[in-house]
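Please read the structure below before turning to the comments.
Values quoted throughout were computed directly from the atomic coordinates according to the rules given, and no laboratory measurement underlies them. Nothing here was measured: the structure is a model prediction, and the numbers come from that model. All Cβ positions, even for glycine, are placed from backbone atoms using ideal geometry, and neighbour counts span all protein chains on display.
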Amino acid sequence: MRWVVVGAGGMLGREMTALLERGGHEVRAVDRSSVDITAPAATAGLAEGADVVVNCAAYTAVDPAEEHEPEAFAVNAVGAANVARAARVAGARLVHVSTDYVFDGHASSPYAEDAPIDPRSAYGRTKAAGEWAVRAECPDHLLVRTAWLYGAHGGCFPKTIARVARERGGLDVVDDQVGQPTWTGDLADLVLRLVTAGAPAGTYHGTSSGEVSWHGFAQAVVASAGLDPAVVARTSSAAFVRPAARPAYSVLGHERLRAAGVAPIGDWAERWAAAADGVLAAG
């Protein structure tokens, strides 16, 4: 199978490319130095000869997006539209990666794939616009929302927590934001399984199962780093006011995966245990 991975230089894109190459697939890796996805002319022919295009490219700087929403929109919405159009013209299936930030974060039970979206940040708004563009431009799409992503390639929450715990001997982490820590290795594997299964076009949630607060996840990270989890103290979001609103509840449901015969990613704690050594060693 012939694949194009857009955003191949990022944390997920590098994982996706490596997984496909290990599996013997033909892969063309595209990053922002080779193709400007915000320019329609640059993306024309992007998917030529491909069976599947995976769009991992995104403007993910959540706080800077509040002051630079046009730049975020250019990548997350216009870029998504351009990639989706290129995939449709080439007759390729598109996998587009989106985010939990399209929801308001006020729920108390997992968000279904068809739950109403109501983004509360510039990042969320631009990603929601990207979802709309993908649906409009490329009917044969798999739109995969993820959340709390971490991995070996690039900066992420576990690496930061382990470093700060070692350097300072203790830290405060919020316990009133709940979500699903998700390993890039697991998300890349899920994308491959969705495509291989011939899953129906539509929206899916690509997060680990279960749920935990940032504080609980930080304790698990510190324990994996060989430190005492007690060095992680609880605090609230009110103590860490930031430019962009963070969803208080970012747990996503997985019913459409099950309906398509594709197993969801396992429990977050189990998957962190599998990922921890590789992620922290890369820090």
Cβ-based exposure ranking for 167, 270, in which fewest neighbours within 10 Å come first: 167, 270
Working out 0.36 nm times the residue gap between residue 255 and residue 34, then minus their Cα-Cα distance, what length gain in nm do you get to one decimal? 75.8 nm
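Within 10 Å of each residue's Cβ, count the other Cβ atoms and sort 27, 6, 231 from fewest upward.
Sorted ascending by nearby Cβ count, the order is 231, 27, 6.
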Would you please give the FRET efficiency between residue 168 and residue 112, computed as 1/(1 + (r/R0)^6) with r the Cβ-Cβ distance and R0 = 41 Å, to the nearest 0.05? 0.55
Note: residue 213 to residue 270 extended length (0.36 nm per residue) minus current alpha-carbon separation gives 19.0 nm
Contact order normalised by residue count of the chain, Cα under 8 Å, 6+ apart, percent: 20 percent
Which of rounded, prolate or oblate describes the chain when judged by the alpha-carbon gyration tensor and an a/c cut-off of 1.5? prolate
Over 17 Å apart: what share of the alpha carbon pairs of region 17-134 falls there, rounded to a whole percent? 58 percent
Which whole-Hz ³J(HN,Hα) couplings does region 253-261 yield from phi under the Karplus relation 6.51 cos²θ - 1.76 cosθ + 1.60, θ = phi - 60°, glycine and proline marked x? x, 10, 5, 5, 4, 4, 5, 8, x
Could you calculate the contour length gain from residue 61 to residue 26, that is, 0.36 nm times the residue separation minus the distance between their Cα atoms, to one decimal place in nm? 9.5 nm
Scattering profile of region 166-283 at q = 0.09, 0.15 Å⁻¹ [log10 I(q)/I(0), Debye over alpha-carbon scatterers]: -0.31, -0.77
Magnitude of the charge dipole, region 171-283, Cβ model with Lys/Arg +1 and Asp/Glu -1, debye to 20: 340 debye
Rounded, prolate or oblate (a/c below 1.5 giving rounded, otherwise prolate when a/b exceeds b/c) for region 1-42 by Cα gyration tensor: oblate
Sorted peptide list for 119-128, 83-92, 134-143, criterion being average Cβ within 10 angstrom, highest first: 119-128, 83-92, 134-143
Quick check: from the Cα gyration tensor, does region 208-265 come out rounded (a/c under 1.5), prolate or oblate? oblate
Label point distance in nm, residue 136-residue 242, each placed 7 Å from Cα along Cα→Cβ: 3.0 nm
Taking neighbour Cβ counts within 10 Å as the exposure measure, how do 93, 193 sort from fewest upward? 193, 93
